[in-house]
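This report refers to the structure that appears directly beneath it.
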Amino acid sequence: MNNIISNLNRDGSLASPWQQSNILHVNNNGDLSELFDCLVVGAGITGLTAALQLQKAGKKVVVAEAYTVGYGTTGGTSSHINTFADTTYTEAESAFGEEGAILFAQAVKGGLNIIKQNVEQYNIDCDLSFKPGYLYAEDEKQAKELDDIYKGATKVGVDVDYVEYVPVNVPYQKALVFTGQAQFHPIKYLNSLADEFIKSGGLLLQNSRVEEVETSIDIHVAKIAGAGVKAKTVIYATHMPPGINNLNMRCAPYRSYVLGVKLVGDNYPDALVYDLQEPYHYIRTHIIDGEKYLLIGGNDHKTGHDDEEAAFNDLEQYTRQYYDVEAVVYKWSSQYYVPADGLPYVGQMPDRADGIYAATGFNGNGMMLGSISGTILADLVMGKENALADLFSIKRFKPVDGFTEFVKENADVAWHFIADRFKAEDLQQLNEITAGMGKLVKIDGKKVAAYRDNDGTLHTLSSVCPHMGCTVKWNASETSWDCPCHGARYDVDGNVVTGPAMHHLEKINI
Ligand SMILES: Cc1cc2nc3c(=O)[nH]c(=O)nc-3n(C[C@H](O)[C@H](O)[C@H](O)COP(=O)(O)OP(=O)(O)OC[C@H]3O[C@@H](n4cnc5c(N)ncnc54)[C@H](O)[C@@H]3O)c2cc1C
């Protein structure tokens with residue numbers, strides 16, 4: 001399982017099937033001393049959608065990506081494209097009113113349409129195909145939830161109906177079918193967006209982390225590898241903007257798990273199917289290099305809060321319970337952000353200079369919401385009106401009537417913030433750490449994040465996340481140190497791989 005040699009890197013050690021793409025972009029040459037209309041930070045679906053739209057509109061755009069195109073969650077997604085979302089339309093209505101729910105439905109559909117239009121306009125070969133999407137209930141409680149989802153979706157004009165048959169091996173009571181759902185290969189899509197961006201004169205800088213952005217007289221200067229890149233506007237399309245900001249407090253980081261499975265026989269569904277368990281599961285089929293795979297995912301939990309291997313084992317057990325598995329070929333996990341009030345945060349960053357924008361809080365729906373956010377951000381940069389700008393504005397303050405998650409998530413962050421810094425844990429000593437194992441140990445009264453590699457070398461780091469001082473936790477599946485507070489993640493040498501941290505974990509010599 002997962003002896004996959006991948007061509008592209010991702011922010012985890014387990015390879016997703018999308019990393020088999022053969023296209024590796026090289027940075028194109030350009031004059032970095034000129035003044036850009038926009039600097040886009042991050043080359044995931046959000047950043048490249050915004051960058052391409054701006055460049056096509058005649059703006060001078062530079063994209064700076066810390067690693068390579070698709071390194072972030074877009075390289076670890078499961079790439080369903082839906083007309084419904086994790087925040088149901090009923091929930092959206094209870095928090096944002098009927099008009100808000102209708103706009104939210106338009107945003108989700110709008111994201112789907114952007115992908116479709118880009119594929120058509122640029123003739124992108126990314127396996128885009130349209131399928132029905134089924135959602136099923138396994139008991140009375142879930143059946144009520146399903147009815148609620150049906151009512152909310154029909155009210156906002158989403159095409160959905162009750163259905164008798166679902167192509168799934170799990171017994172169910174009641175089910176819905178959403179028409180016109182889709183799936184695609186996210187990295188093939190992203191690579192083509194990058195190609196188009198470059199062809200239209202955009203500048204792509206990979207392996208170029210934006211360390212900080214300073215503003216003087218309306219010009220933002222980004223520090224990239226010691227050099228200053230000047231731009232009139234900046235878009236943080238980094239999934240979570242770096243640093244300590246308002247958005248860290250309003251979004252909770254989650255890990256989500258996916259398996260790519262070969263089945264005995266040909267019982268692969270030609271549809272997208274979801275259950276209503278908590279946490280939920282989904283299945284779909286994707287043909288990669290001529291081989292059919294069942295993609296089965298879910299088992300989400302807050303980053304750093306559960307055992308990652310147990311989550312994978314549980315998912316595999318679930319898969320084997322219902323499907324005749326020949327082999328589990330792929331297994332991988334990635335991170336997404338749950339927004340406090342259910343909708344993404346997009347627009348001007350409240351605590352930054354004018355013209356510095358961000359987009360985050362896409363839940364597990366970033367294919368649509370990242371795409372639509374990319375276009376909202378492009379409109380904001382060009383000073384154009386966008387009908388969704390107010391609904392998704394980062395500056396909104398939403399009382400949390402319908403959303404107990406807000407309270408739960410923030411209480412949890414606060415608990416870790418205090419407990420992680422003051423509570424001593426039952427720690428093991430360095431010599432108990434075997435090859436491939438990472439562990440928190442206590443040395444001279446200080447917590448140390450220690451990992452022993454396969455050569456026997458110990459890699460010792462401060463366990464204190466430089467973002468806001470919480471204690472990192474070992475993620476054995478992805479070989480990383482993950483912060484349970486705001487989702488900053490580091491490799492075994494302390495380098496930031498994802499999340500809001502701006503500094504690496506400090507190395508400790510023992
Ligand atoms: C397992 C899983 C399955 C999912 N499945 C689906 C699905 O089926 N459908 C769906 O709609 N959504 C899904 N999602 C959510 C979706 O994948 C994400 O919301 C989306 O990929 C986010 O895209 P992004 O471009 O905003 O961020 P990312 O893809 O994370 O891109 C951000 C980029 O910014 C770069 N970066 C960060 N900091 C800096 C810096 N300082 N300087 C330069 N670059 C930087 C990173 O390296 C990264 O490449 C899933 C999420 C997970 C975890």
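Inside the range 134-162, can you point out the residues that are of a type in the set (Gly, Ala, Ser) and either in a loop (DSSP other than H, G, I, E, B) or in contact with a Lys or Arg (Cβ under 9 Å, 6 or more places away or on another chain) (or both)? Those that are of a type in the set (Gly, Ala, Ser) and either in a loop (DSSP other than H, G, I, E, B) or in contact with a Lys or Arg (Cβ under 9 Å, 6 or more places away or on another chain) (or both): Ala137, Ala143, Gly157.
Pairs needed: first member in the range 180-191, under 9 Å from Asn82 (Cα atoms); second member anywhere, among the β-branched types (Val, Ile, Thr) and modelled with pLDDT of 95 or more; C-beta distance under 8 Å; at least 6 residues apart or different chains. Sorted first by the residue in the range 180-191, then by its partner, the pairs are Gly180/Thr83; Gln181/Ile81; Gln181/Thr83; Ala182/Ile81; Ala182/Ile115; Gln183/Ile81. Restricting attention to the range 1-55, the residues that are at pLDDT 95 or above, out of contact with any helix residue (DSSP H, G or I) (no Cβ under 8 Å at 6 or more places or on another chain) and assigned to a helix (DSSP H, G or I) total 0.
Here's the yes/no breakdown for (1) within 11 Å of the ligand (Cβ to nearest atom); (2) more than 25 Å from Gly110 (Cβ to Cβ); (3) surrounded by 22 or more Cβ atoms within 10 Å (Cβ to Cβ):
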{"residue": "His301", "(1), (2), (3)": "no, yes, no"}
{"residue": "Asp307", "(1), (2), (3)": "no, yes, no"}
{"residue": "Tyr336", "(1), (2), (3)": "yes, no, yes"}
{"residue": "Pro350", "(1), (2), (3)": "no, no, no"}
{"residue": "Met368", "(1), (2), (3)": "yes, no, yes"}
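For the range 287-297, indicate whether the set of residues that are exposed (fewer than 15 other Cβ atoms within 10 Å of the Cβ), of a type outside the set (Val, Ile, Thr) and outside any strand (DSSP E or B) is non-empty. Yes: one or more hits. Regarding the range 59-77, can at least one residue be identified that is over 15 Å from the mean Cα position of the chain (by Cα), without any contact (Cβ under 8 Å) to a residue 40 or more places away in the chain and surrounded by fewer than 24 Cβ atoms within 10 Å (Cβ to Cβ)? No, because not a single residue in the range 59-77 is over 15 Å from the mean Cα position of the chain (by Cα), without any contact (Cβ under 8 Å) to a residue 40 or more places away in the chain and surrounded by fewer than 24 Cβ atoms within 10 Å (Cβ to Cβ).
Could you list, in sequence order, all residues of the range 468-489 that are aromatic (Phe, Trp, Tyr) and surrounded by fewer than 24 Cβ atoms within 10 Å (Cβ to Cβ)? The one that is aromatic (Phe, Trp, Tyr) and surrounded by fewer than 24 Cβ atoms within 10 Å (Cβ to Cβ): Trp474. Looking at the range 210-226, which of the residues that are in contact (Cβ under 8 Å) with a residue 12 or more places away in the chain and closer than 14 Å to Val62 by Cα is farthest from the ligand (Cβ to nearest atom)? Per the criteria, the residue is His220. Just one of the listed residues (Tyr136, Tyr122, Tyr165) is modelled with pLDDT of 95 or more and crowded, with 19+ Cβ neighbours inside 10 Å, and it is Tyr136. Which one is nearest to the ligand (Cβ to nearest atom) among residues in the range 227-242 that are out of contact with any His (no Cβ under 6 Å at 6 or more places or on another chain) and among the aliphatic types (A, V, I, L, M)? Ranking the qualifying residues of the range 227-242, first place goes to Ala237. Selection of first residues in the range 7-18 that are without any contact (Cβ under 8 Å) to a residue 24 or more places away in the chain and of second residues that are of a type outside the set (D, E, K, R) and surrounded by fewer than 24 Cβ atoms within 10 Å (Cβ to Cβ), restricted to Cβ pairs under 8 Å at least 6 apart or on distinct chains, gives the following pairs, ordered by first then second residue: Asn7/Gln19; Asn7/Gln20; Asn7/Ser21; Asn7/Asn22; Asn7/Leu24. Restricting to the range 353-362, count the residues that are crowded, with 19+ Cβ neighbours inside 10 Å and either more than 23 Å from Lys232 (Cβ to Cβ) or more than 16 Å from the ligand (Cβ to nearest atom) (or both). Counting residues in the range 353-362 that are crowded, with 19+ Cβ neighbours inside 10 Å and either more than 23 Å from Lys232 (Cβ to Cβ) or more than 16 Å from the ligand (Cβ to nearest atom) (or both) gives 3. Do you know which residues across the range 267-286 are outside any strand (DSSP E or B), closer than 18 Å to Asn169 by Cβ and away from the ligand (no atom under 12 Å from the Cβ)? Result: Asn267, Tyr268, Pro269, Asp270, Ala271, Leu276, Gln277.
Quick check on my filter: what residues within the range 478-495 are within 12 Å of the ligand (Cβ to nearest atom) and in contact (Cβ under 8 Å) with a residue 24 or more places away in the chain?
The initial filter retains those residues of the range 478-495 that are within 12 Å of the ligand (Cβ to nearest atom), namely 478, 487-489, 495.
The answer is Glu478, Gly487, Arg489.
Would you point out the residue of the range 54-76, among those that are within 14 Å of the ligand (Cβ to nearest atom) and either out of contact with any Phe, Trp or Tyr (no Cβ under 9 Å at 6 or more places or on another chain) or of a type in the set (Asp, Glu) (or both), that is nearest to Gln117 (Cα to Cα)? The extreme case among them is Val69.
Scanning the range 80-87 turns up one or more residues that are of a type outside the set (Gly, Ala, Ser), crowded, with 20+ Cβ neighbours inside 10 Å, more than 16 Å from the chain's Cα centre (by Cα) and within 16 Å of the ligand (Cβ to nearest atom).
The values are calculated or read from the model by the stated rules, or taken from the named source; none is laboratory data. Keep in mind that what you see is a predicted model, and the values were worked out from it rather than measured. Counting neighbours? That spans all protein chains shown, and the Cβs are built from the backbone with ideal geometry, glycine included.
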